[in-house]
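Have a look at the structure below before the remarks.
The values are calculated or read from the model by the stated rules, or taken from the named source; none is laboratory data. As the structure is a computational prediction, the values presented were derived from the model and not from experiment. Positions of Cβ are generated from backbone atoms using ideal geometry, with glycine treated the same way; all protein chains shown enter the neighbour counts.
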Ligand code: AMP
């Protein structure tokens, strides 16, 4: 399985991507997590990207594409992967196509998770209140992240939709129910 998991902040992408990757025995690659680790490490790159994360803005495409170029070349990706949080802009989606071509790989599934916007803000706020430790889980930054998602990331959904291989799932039910729905949809599309 070589999957891209799409959806706005707060939709449950990270939770679902982690469960799915575990079920399928492939790495869960979260670019948000990679960026948070980079910031925590105190590396030069971390210092450069911290402000973007704190403000809810996207890190620049050239940085993200380079990070993914390195990550996808790691040997564990030969078994497949679930990408969570990448691509987040059209240039990233195009760069991913180029990267995968270089690696002689193709995406097998695109999953797009959705819930109403009011639910997203509520979930992010709860996550912050319950000690996620994320500097961007405040109401103010969450609103900015949703704006950024609409402006820069929603077009990525359109990009994949045009290829006609997208699985759309409403992520309103509990975590296990949504996971079961994703697994069922993935298996159905695998058998086509
Ligand atoms: P996430 O955990 O996926 O919500 O990502 C947290 C933050 O990391 C985002 O708000 C961005 O600042 C940064 N980030 C993660 N993935 C990307 C990406 N593909 N492009 C640009 N910035 C990203």
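Let's see how each residue does on (1) more than 21 Å from residue 28 (Cα to Cα); (2) surrounded by fewer than 14 Cβ atoms within 10 Å (Cβ to Cβ):
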site: 65; (1), (2): no, no
site: 72; (1), (2): no, no
site: 75; (1), (2): no, yes
site: 79; (1), (2): no, yes
site: 93; (1), (2): no, no
site: 113; (1), (2): no, no
site: 123; (1), (2): yes, no
site: 137; (1), (2): yes, no
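Only one of the numbered conditions (1) more than 18 Å from the chain's Cα centre (by Cα); (2) assigned to a helix (DSSP H, G or I) is not met by residue 179, and that is (1). Do you know which of the residues in the stretch 170-184 that are touching a strand residue (DSSP E or B) at 6+ places or on another chain (Cβ under 9 Å) and at pLDDT 95 or above is surrounded by the most Cβ atoms within 10 Å (Cβ to Cβ)? Looking at the filtered set, the residue picked out is 182.
The requirement of being under 22 Å from residue 33 (Cβ atoms) and more than 16 Å from the chain's Cα centre (by Cα) is fulfilled somewhere in the stretch 90-100, by at least one residue. For the stretch 105-145, enumerate the residues that are assigned to a helix (DSSP H, G or I) and within 14 Å of the chain's Cα centre (by Cα). The one that is assigned to a helix (DSSP H, G or I) and within 14 Å of the chain's Cα centre (by Cα): 145.
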